[in-house]
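Report on the structure given below.
The values are calculated or read from the model by the stated rules, or taken from the named source; none is laboratory data. What you see is a predicted model; the values in this text were computed from it and never measured. Positions of Cβ are generated from backbone atoms using ideal geometry, with glycine treated the same way; all protein chains shown enter the neighbour counts.
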Amino acid sequence: MGRVVSPAALAAELEGRRAAGSSVALANGHFDLLHVGHVRYLTAAAAQADVLVVAINDDASVRRLKGPGRPIVPAAERAELLAALAAVDYVTIFEGDSPAPLIGLLRPEVHCKGTDYGSPERVPEYAAVRAYGGRTVLVGDPKEHSTSDLIAIARGPGRG
């Protein structure tokens, strides 16, 4: 089971893990209403390195990016759910709309994003990862699952 840690504490922790020979992958997202697509994405991300870090957007960021009424699940609870997954070693919550500053701090060898991006070069953080010699990979199955779709179904016709 993973641990929920602050970005600063995580940077120090990863320094020790790397000194012991471990490589680090980072996956990021909102993870509001965890679904099977998320689990498949994280399982595939975990296969890319020895240690998997999951970075989640804070509540204010999710609200800005997804709109009123989101997130459904608060950041602390999303982090706890993700930390309970076998594939996940660490979870951290980041402020702001982009994980690029966090990526610069943690410097994962591999930044993992979903296949919906089409190519690594289309990932917004691609340049930030390349700047220090990391690589960006697309993992998981095709984007067939969506939290937004789940919310619309739960709210019923005409209420989503």
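Which residue is farthest from residue 116 (Cα to Cα), if the candidates are limited to the range 1-38 and must be out of contact with any strand residue (DSSP E or B) (no Cβ under 6 Å at 6 or more places or on another chain) and at pLDDT below 95?
That would be 1.
Please go through the range 81-122 and give me each residue that is assigned to a helix (DSSP H, G or I) and small (Gly, Ala, Ser), ordered by number. Steps first, answer last, please.
Of the residues in the range 81-122, the ones assigned to a helix (DSSP H, G or I) are 81-83, 100-106, 115-117, 120-122.
Matches in the range 81-122: 83, 100, 104.
Yes/no matrix, rows are residues, columns are (1) more than 15 Å from the chain's Cα centre (by Cα); (2) of a type in the set (Gly, Ala, Ser); (3) over 21 Å from residue 130 (Cβ atoms):
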position	(1), (2), (3)
13	yes, no, yes
21	yes, yes, yes
24	no, no, no
29	no, yes, no
34	no, no, yes
52	no, no, no
58	no, no, yes
68	yes, no, yes
72	yes, no, yes
